[in-house]
Amino acid sequence: MSDKKLHQLLTQVHQHLQKKSDLDEQSQALLKQVLDDVKLASTSKDDQHQDLSDRIEQQAIDFEEAHPTLSEILRQIMDTLGRIGV
C-alpha cells in the first residue's frame with residue numbers, strides 16, 4: 001500500500017513539473033534530483049536516508065509560498081517514505 005502511495009505521489013510531482021513552467025531552472029533541477037533520490041532510496045537501504053529526508057523537507061519549505069501543492073506533495077512523500085522505513 002505504501003509503495004503504491006509513493007508511486008502516486010511521484011507521478012503527481014512529475015505531472016506538476018510538466019505543467020508548471022513557472023519553476024525556475026534551479027528549483028526544477030533540485031526537485032528532479034530529489035525525485036531520483038526518492039526512487040533510489042525506495043528500492044535500497046543505505047545511510048543516506050536522513051540526508052534525503054532533510055533535502056525533501058528543505059524543498060517543501062522552499063516551495064511553501066510559491067508552490068503550495070508541490071510542498072504538500074513533498075511532505076506526503078516524506079511521510080510515506082517514513083512509513084516504509086526509508
Can you tell me how much longer the chain between D24 and H7 gets when fully stretched, taken as 0.36 nm per residue apart minus their C-alpha distance, in nm with one decimal?
-> 3.7 nm
Excluding residues fewer than 8 positions from K39 in its own chain, the aspartates and glutamates with Cα under 14 Å of it are D3
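Computed from the coordinates by the stated procedures, all read-outs in this text should not be read as laboratory data. Just so we're clear, the structure is a prediction, and the values are computed from it rather than from any experiment.
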